[in-house]
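Taking it in order: structure first as C-alpha cells, then the write-up.
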Amino acid sequence: MMRVLAAEFLKLKRSRMPLWSGLIVLVAGGLGLAVLPVLSDPATQAQIAKGGGVFAKAVAAGAYSPTWTNYLLIGLQGMSGSWGVLTFGFVTAYLFGREFKEGTAKSMLTLPIRREYMVLAKMVALAVWVLCLGALSVLVTMGTATALGVGGFSWARVLKNVIDTLGVTTLLYLTLPFVAWFAMLGRGYLPPMLYSLAVMMVGNALVETPLSSWVPWNMPLHLVGASWYPVPPSALTAGSWAIAVIFFLAGLAALVWRVDHADSAV
Amino acid sequence: MGETAVPEVVIRTVGLTKHFGDVKAVENLDLTVHRGEIYAFLGRNGAGKTTTIRMMLALARPTDGWVEILGQRMAPNAVRAFERIGSMLENAGAYGNLTVRENLEMQRNLLGLRRDTWVDEVIGMCDLSEYLDRRAGTLSLGNRQRLGLGRALLHKPEILILDEPTNGLDPVGIADIRALLKQLATDRGITVFLSSHNLAEVQQIATRIGIIHKGHMLEEVGYDDLRRLNREYLEIGVSDTKRAVWVLEEKCGVRDFAVHEEGSVRIYSGFERAEEFNRVLIESGVGIVSSRMSEEDLEDHFVKLTGGDVEGQTPSPGRRRGPKGWRR
C-alpha cells in the first residue's frame with residue numbers, strides 16, 4: 001500500500017495541476033474578497049439596494065462589510081458553495097481520469113497489486129491535496145484581509161475559521177468518491193467536472209430549504225451559511241454527518257466495484 | 001522442434017467469449033500457449049485480438065469462458081499471476097510529466113524490486129539509455145512503445161503479453177524489437193504472446209501462429225507448418241495417394257513431403273528431381289493429374305483464411321496471382 005501511495009505522489013512531480021489548483025484558490029478566493037471594500041461603499045450599496053433581490057438584502061444586512069469576521073466567513077463560503085466544489089472536483093477528475101487520458105490505466109491494473117489499494121492510495125493523495133487547498137484558502141483569506149487593512153483581527157476567530165475550514169474540507173472530501181466514479185465511468189475529465197458543476201448548482205438551490213442539512217454536497221454550505229441569500233451558519237447534526245459518511249462509503253464501494261468488475265482499461 | 005516432452009501449457013483460454021451488446025467481438029475462443037513459445041496472435045483490425053488480450057489480463061470480463069495463465073484463473077486481483085506476467089497493451093501509456101527514468105523507477109518501486117543490474121539491462125535492451133532524462137510526454141510513439149516494453153520486463157516475467165508491440169516503430173526499431181523478443185525467448189525462456197496484424201513481421205519470429213478472424217480462431221499453425229508454409233513446394237496431383245506416398249518414400253527416397261489432401265502430395269525439397277518423381281510415379285502405376293511448383297506461403301494462407309488482404313499492405317497489380325491473393 002505504501003508503494004502505491006508513494007507512486008501517487010511521484011506522479012504529481014512536475015505536474016502543473018497542483019499549481020493550477022492553487023492558482024484557482026488564490027484568484028477565486030483573493031479576488032472575491034478584494035471586492036468587499038467596494039461593496040461597503042455607501043454609493044455602491046445604494047445602487048445595489050436599487051437593484052433589489054437577495055444580494056441587496058445581504059448587502060443591507062451587512063454581510064459584505066469588510067470586517068475580519070466577514071472575510072473569514074465569506075472566504076469559507078466561497079469554498080463551500082462555489083470554487084471549492086469545482087476545484088476539488090477538478091483535482092479528483094485529474095487524479096482518477098489521467099490514468100485513462102494518459103493510457104496508464106491498463107498498466108496500473110495489471111500490476112501485481114490489489115486494485116483496492118490503488119483506489120485507496122488515490123483517495124489518500126486526494127485527501128492531502130484538498131487539505132492543502134483548504135489551508136491555502138485560509139492563508140489567502142488572511143492575506144487579503146491583512147493587505148486591505150481590515151480591522152477586528154482576533155486569533156480566536158482565525159482558529160474557529162481553521163476548524164470550520166477543516167469541517168468544510170472534510171464534508172467536501174466525503175462527496176468526492178462519486179466524482180472519481182464519474183471520472184472512471186467517463187474515462188476522462190469532462191464527466192466528473194460536469195457532475196461537480198451540477199452538484200454545486202443543486203447545493204446552491206437547496207441551501208434555503210430544509211433539505212439543506214441532509215444532502216451531502218449541500219452540508220458544507222449549511223455549516224458555514226451563505227451570505228448571498230443570506231442564510232446563517234448552522235451546525236450539522238450527528239445524523240447529517242452519518243449521511244455524509246455513508247455517502248462517502250457508498251462512493252468508495254462503487255469505485256472499488258468499478259475497478260474490480262468493469263471493463264476498465266479501454 | 002526436436003523436443004520430445006510435451007511443454008507445459010502456460011496460457012489457456014477455454015470457450016472465451018466477449019459480446020458488446022450485439023457485437024460478438026470474441027466467440028468461443030480456445031487457445032493454448034506452451035512455455036518458451038513465441039505465439040503470434042494474428043488477425044486483421046477488429047478481429048478480436050485486443051479484446052482477447054484484455055480478457056487475458058483481466059481488463060475485460062469475458063461474457064463466457066475463462067483464461068488460465070500459469071495455472072491461475074485470470075480475474076482482477078490475480079496478484080500471484082500478475083507477478084509473473086509482463087504486459088504491454090496497444091499504445092503503451094506513460095506519465096507524460098515524468099522522465100523515462102522516473103517512469104521506470106516508479107514501476108520498479110511499485111513492483112517492490114531492488115535496483116539491480118537487471119534494470120540497467122532492461123534500459124539497454126529497450127534502447128532507452130539516451131532518453132532516460134527525457135519526459136515521457138515528449139517521446140515519439142515508437143519510443144513510448146520501448147518504454148512500455150521496458151516496464152513490462154522490469155520484474156523478469158515468465159510470460160510477456162504484448163498487443164501490437166511494434167506499433168509506431170520504424171523498420172529498424174521493428175527489427176530491434178523482433179531480435180529482442182527472440183533473445184528473451186531463447187536466452188531467458190520467456191514465453192511471448194503477441195498480437196499483430198503484420199504477417200511479415202510475426203512469421204519471422206513466431207514459433208506458433210493463431211489466426212483470429214471476426215472473433216473466431218480460424219487456425220493455429222505450428223512451427224513445422226510455418227516452415228512448410230513459408231517454403232516453396234512441388235505439388236503433385238495423384239490418382240492414388242497411398243501408392244504415391246509409398247513410391248516417393250521407397251523408390252525416390254523422398255522424406256520431406258506431406259499429403260496435403262486426398263489426391264495431393266507436396267514435396268518440399270529436391271525440386272531439381274521433379275521430372276524423375278513424375279516419371280517414377282507413372283512407371284509405378286500412379287496417375288499424375290497435375291504437377292506444379294507452388295509459391296504459396298503463409299501470407300496466401302492467411303488471405304485465404306480471412307478472405308481479404310493483409311492489413312497495411314496493398315495488392316500490387318503486376319504481381320497478382322488470381323483468387324489466391326498477391327505477393328509482396
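Readers should treat all values here as calculations from the given coordinates under stated rules, not as data from a laboratory. All figures in this text were calculated on a predicted structure; none of them were measured in a lab. Don't worry about glycine lacking a Cβ; one is built from the backbone with ideal geometry, like all the others, and counts go over all protein chains shown.
As a calculated quantity, the FRET efficiency between residue A:14 and residue A:198 at R0 = 35 Å, using C-beta atoms, amounts to about 0.60. In the protein assembly as shown, the inverse of the mean reciprocal separation of distinct Cα atoms equals 28.5 Å; this is its Kirkwood hydrodynamic radius. Taking 0.36 nm per residue of separation and subtracting the current Cα-Cα distance, fully stretching the chain between residue A:209 and residue A:43 would add 56.5 nm. Across peptide B:185-196, the average count of Cβ atoms from other chains found within 10 Å of a residue's Cβ is 0. Averaged over the residues of peptide B:88-99, the number of Cβ atoms from other protein chains lying within 10 Å of each residue's Cβ is 6.
Here the Karplus curve 6.51 cos²θ - 1.76 cosθ + 1.60, taken at θ = phi - 60°, turns the phi angles of the stretch A:133-142 into couplings of 5, x, 5, 4, 4, 4, 5, 5, 4, 5 Hz, with x standing for Gly and Pro.
Sorted from greatest to least, the principal axis extents spanned by the alpha carbons of the stretch A:183-244 come out as 38, 27, 15 Å.
Note on residue A:27 and residue B:305: the model spin-label points, each 7 Å out from Cα along the C-beta direction, lie 5.7 nm apart. For the residues B:222, B:137, B:285, a GNM of chain B with alpha-carbon springs under 10 Å puts the largest fluctuation on B:285.
Of the residues A:20, A:228, A:217, the one with the fewest other Cβ atoms within 10 Å heads the list, and the complete ranking is A:20, A:228, A:217. For chain B, the ratio of Cα radius of gyration to the globular rule of thumb 2.2 N^0.38 Å stands at 1.16.
Between the stretch A:59-93 and the stretch B:171-187, what is the C-alpha centre distance in whole Å? Centre-to-centre distance over Cα atoms comes out at 59 Å. Could you list, in their original order, any pairs among A:122/A:160; A:11/A:160; A:13/A:160; A:101/B:49 whose Cα atoms are separated by more than 27 Å? Among A:122/A:160; A:11/A:160; A:13/A:160; A:101/B:49, the Cα-Cα distance tops 27 Å for A:122/A:160; A:11/A:160; A:13/A:160. Helix A:238-261 and the long axis of chain A differ in direction by around 30°, with both axes built from C-alpha atoms.
For chain A, the percent of C-alpha pairs falling in each 5 Å distance bin, counted from 0 to the bin holding the largest distance, reads 1, 6, 13, 16, 17, 15, 12, 8, 6, 3, 2, 1, 0, 0. Fully extending the segment from residue B:182 to residue B:80, taken as 0.36 nm per residue of separation minus the present Cα-Cα distance, adds 34.1 nm. Using a Förster distance of 41 Å, how high is the FRET efficiency between residue A:101 and residue B:243, based on the Cβ-Cβ distance and rounded to 0.05? The calculated FRET efficiency here is 0.05. Compared with the dominant Cα axis of chain A, that is its longest principal axis, helix A:176-186 is turned about 50°. Of all the options A:210, A:192, A:232, the one that moves most in a Gaussian network model of chain A with Cα springs shorter than 10 angstrom is A:210. Geometric descriptor of the stretch B:233-294, per residue, is 65 Å³ (volume of the convex hull of the Cα atoms).
The distance linking the stretch A:187-248 with the stretch A:133-160 is 24 Å (Cα centroid to Cα centroid, whole angstrom). Summarising the amide proton neighbourhood of residue B:34: residues at separation of 5 or more, or on other chains, whose placed amide H is nearer than 5 Å comprise B:10.
Both radii come from the Cα set of the stretch B:111-214: Rg as radius of gyration, Rh as Kirkwood radius; their ratio Rg/Rh reads 0.96. Distance from the alpha carbon centroid of the stretch A:1-37 to that of the stretch B:5-33 works out to 46 angstrom. The residue A:131 and residue B:256 beta-carbon pair, evaluated with R₀ = 60 Å, returns a calculated FRET efficiency of approximately 0.20.
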